[in-house]
Amino acid sequence: MRDASLKRTFTSIAEEIGVDEKTVRNIFRDYVAELEQEISFETPAWLGMDEIHILKKPRFVVTNIQHRTVIDILKNRELGTVIPYLRSLPDKERIKYVTIDMWNPYRTAVNQELPWATIVIDKFHVVKKANEALEKFRRSYKKDLPTKQRRQLMRDRWVLLSRKRDLKPEDLFLLETWTGYFPLLAEAYELKEELFDIWDLEKKVEAYHKFQSWKQKIPKELKPHFQELITASENWEEEFFAYFDSPKKLTNAYTEGLNSLIRHCNRMGRGGYSFEALRAKILFTEGFRKQRKTRHSKRSDMTGAFGNVMSNYGNFWDDIAQWPPVTLGADISTLVRAMEEGEF
């Protein structure tokens, strides 16, 4: 019953074996408490802090950016939840970078509990705001057009929110046609594309200056729609441009996979799963966790007098070789694959 409580709803288990649902729920809670003690995830050098919506509420999700794993999901992302979580992390001095979205309690918590870590605004959240600005303008602009002109903009949302480099020839033709008929819409699209291009640059100084020039180019008709992005860049300037100094340009590159997982969890929630059950299913189901071997020195690597001394310890190094692997968290790609194959 314990393993089943991770995989099925409490109601279905209770009905099958003829017990009260509360009994199943209590067994589940005891089992998860046991797993929490047995299974610990390594604190990563590149910590991701983000928001996911599960069962209509924003939750605090913690990820290992480098290894693309989930290491925890908490009920909410309020300061009173985030600070104690960061404070309790084992070996938290390992953390060098923290990627976040523009949620001020995250910045406050990191500055308080991990003051040595560099905060990086995830690129995904910057370019997302550019897309949101374009979408706001597209909607307001389109609703005031005559019916005939609105019909000319069929498939406009999909085309406008795509990168130009990803468009098929027929979609590029549409875009070029719209440029002649709707110049302000074309200008909004180009602003979005230029912002994406800036975040593809390598050097921080170049990106900073190009971004300042980009802001100056925004015409007054479009400025209200891009104002949220402009304000965010001013309030989070240091964290915005820390991205360009971070290794491998830190970003939650697996965000789409995480979003697919969220949508699946929400469907499961409507089927009777609680948040606690979904969290446990993600973190503790056997087969979802990514691991790596423990790093250790081999006896053959030891040379000189020190090596001779250590060789007297008999099977010491052989014992180290048998240490259990380090658990890195629930692998997002494995979770998504299991979901697509109906195993999750």
Nearest-ten-degree value, helix 79-88 long axis tilted from longest Cα axis of the chain: 40 degrees
For the chain, share of DSSP beta bridges that run antiparallel, in % to the nearest 5: 75 percent
Cα-centre dipole for segment 124-239 with unit charges at Cβ (Lys and Arg positive, Asp and Glu negative), debye to 20: 660 debye
³J(HN,Hα), Karplus 6.51/-1.76/1.60, whole Hz, each residue of segment 46-59, x for Gly, Pro: 10, 8, x, 10, 8, 10, 10, 9, 10, 6, 6, 10, x, 10
Under the Karplus curve 6.51 cos²θ - 1.76 cosθ + 1.60, θ = phi - 60°, whole-Hz ³J(HN,Hα) for segment 28-39, x wherever Gly or Pro sits: 4, 4, 5, 5, 5, 4, 5, 5, 4, 6, 7, 10
Per-bin percent of Cα-Cα distances, the chain [20 Å]: 24, 46, 25, 4, 0
Positive-pole candidate from THR99, ALA14, TYR181, dipole of the chain, charges at beta carbon: TYR181
Dipole of the chain [Lys/Arg +1, Asp/Glu -1 at C-beta], most positive-end residue of GLN212, THR327, VAL61: GLN212
Helix-only CD estimate at 222 nm, as mean residue ellipticity for the chain, using -39500 (n - 2.57) per DSSP H run (n ≥ 4): -17000 deg cm²/dmol
Angle in degrees between helix 255-270 and the longest Cα principal axis of the chain, rounded to the nearest 10: 80 degrees
Proximal charge balance of ARG337 [Cβ under 12 Å; K/R count +1, D/E count -1]: -4
5 angstrom amide H check on THR99, placed H, neighbours 5+ away: LEU47, GLY48, MET49, VAL120
Amide H contacts under 5 Å for GLU78, placed H, 5+ residues apart: none
Sorted by Cβ density within 10 Å, fewest first, the residues HIS67, HIS209: HIS209, HIS67
Neighbour-count ranking [beta-carbon atoms within 10 angstrom, fewest first] of THR179, THR69: THR179, THR69
Relative contact order for the chain, counting Cα pairs under 8 Å that sit 6 or more residues apart, in percent: 22 percent
Derived scalar couplings ³J(HN,Hα) [segment 208-218; Karplus, 6.51 cos²θ - 1.76 cosθ + 1.60; whole Hz; x for Gly, Pro]: 4, 5, 5, 5, 4, 5, 4, 4, 5, 7, 5
Long-range HN-HN contacts of HIS53 with modeled amide H, under 5 Å: ARG59
Stokes-Einstein D in µm²/s, Kirkwood radius over Cα pairs - segment 100-202 at 4 °C with 1.567 mPa s viscosity: 82 µm²/s
Principal-axis tilt of helix 123-143 within the chain, Cα atoms, nearest 10 degrees: 30 degrees
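A short reminder: the numbers here are calculations on the coordinates, not readings from a lab. As the structure is a prediction and not an experimental result, all values here were calculated from the model. With ideal geometry, Cβ positions are generated from the backbone for all residues, glycine too; neighbour counts draw on all protein chains shown.
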